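See below for the structure under consideration.
The values are calculated or read from the model by the stated rules, or taken from the named source; none is laboratory data. In this text, all values refer to a predicted model and were calculated from it rather than measured experimentally. Cβ: placed from backbone, ideal geometry, glycine included. Neighbour counts: every protein chain shown. Remember, those area values only see protein heavy atoms, side chains included, never the ligands or the DNA or RNA. Shrake-Rupley method; radii C 1.70, N 1.55, O 1.52, S 1.80 Å.
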Amino acid sequence: MPELPEVEITARRLSSALTGAEVESALAPGMVAMKTYEPALETLEGRSVAGVRRVGKMPVVEFSGDLSLLVHLMSAGRLQLFDKRASARDRASRVLVRLADGRELRLREFGTRQRAWAKLLATDKVAEDEMVATLGPEAWPAPPLDVFAELIDQQRHLHPLLRDQRTIAGIGRSWVDEILWEARLSPFKQGSELLETEVESLHRALGVLGGAIDHYEEVIGETVPDKLPMPLQVHRREGEPCPRCGTTIAAVYFKEHQANYCPKEQTGGRVLKDRRLSRLLK
Ligand SMILES: [Zn+2]
């Protein structure tokens, strides 16, 4: 799933490529993708793209005349720009914005489930949308240390806590592992248990998000590749040596995701076997 760094670089590249382009037509082949009906998608016709930005993990495409398309990619959605129009057989297409110059912006989704969605809103209403209004502060640039300390002072494990968009916006299953590894903290430590120095480490570790954006700026060209070269050190690297200390990276499996960590540096040498066991460790 695209997280803050991936959506940020996508928004930057789309913004440079699309700003000023005129919309010829817009349609939603994914029957359930559009979550708003008024204004209708057709009202984009004749408008031009004013820019593309990001809020949390969501791209926002802004159009002239104060309309914005707020997009939620969910786990398998991508916002992609194509030089040519989609054939009717592109079953991954959920929303298509056809440009007068022949290009096409597509919200595509891979896999069988249709979960990605878009909302067409007045630009000044985007901030009021419930998905935006309920977001915590952006994880990058990091909020001030005292604000961050207050946000995470909760009796919840750091792994789900940092992924909770209402607490802090932009972090998902990949980058949470990287941030916790960078801070040398257990995914199962509770936010409220952290010492002041640990809060500081965690706050500093949010810097990996900016590092990832810088990495993308360096390695990708003017267009975003289908698969971004994510600079991950521990996420999905179980069995490989920790890049810092050489200890074998371990994993805890959940129903739909996994947490990876260095047992030596993050859990006091303990290898967590499963959720049941991990609950006992604090
Ligand atoms: Zn290590």
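Points worth noting:
- Mean Cβ count within 10 Å, highest first, over the residues of peptides 200-206, 167-173, 144-150, 265-271: 167-173, 200-206, 265-271, 144-150
- Once you divide the Cα radius of gyration of segment 189-245 by 2.2 N^0.38 Å, the number left is 1.48.
- Over all Cα atoms in the chain, the spread is summed up by Rg and Dmax: 20.2, 61 Å.
- Computed on segment 110-194, with alpha-carbon pairs under 8 angstrom and 6+ residues apart, the relative contact order is 30 percent.
- Cβ-Cβ distance of residue 115 and residue 192, R₀ of 41 Å, FRET efficiency by 1/(1 + (r/R0)^6): the value works out to about 0.80.
- Reference-scaled alpha-carbon Rg (2.2 N^0.38 Å with N residues) for segment 1-152: 1.05
- Atom-type composition of the exposed protein surface of the chain places 49 percent of the accessible area on carbon and sulfur (1.4 angstrom probe).
- Subtracting the Cα-Cα distance of residue 31 and residue 82 from their residue separation scaled by 0.36 nm leaves 16.2 nm.
- Computed FRET value (nearest 0.05) for residue 247 with residue 204, which takes r as the C-beta separation and R₀ as 25 Å: 0.70
- Accessible surface, segment 36-88, averaged per residue in Å² (probe 1.4 Å): 45
- Among 218-228, 18-28, sorting by the average number of other beta carbon atoms lying within 10 angstrom of each residue, highest first, gives 18-28, 218-228.
- Accessible surface calculations at 1.4 Å, restricted to protein heavy atoms, place segment 137-205 at 43 Å² per residue.
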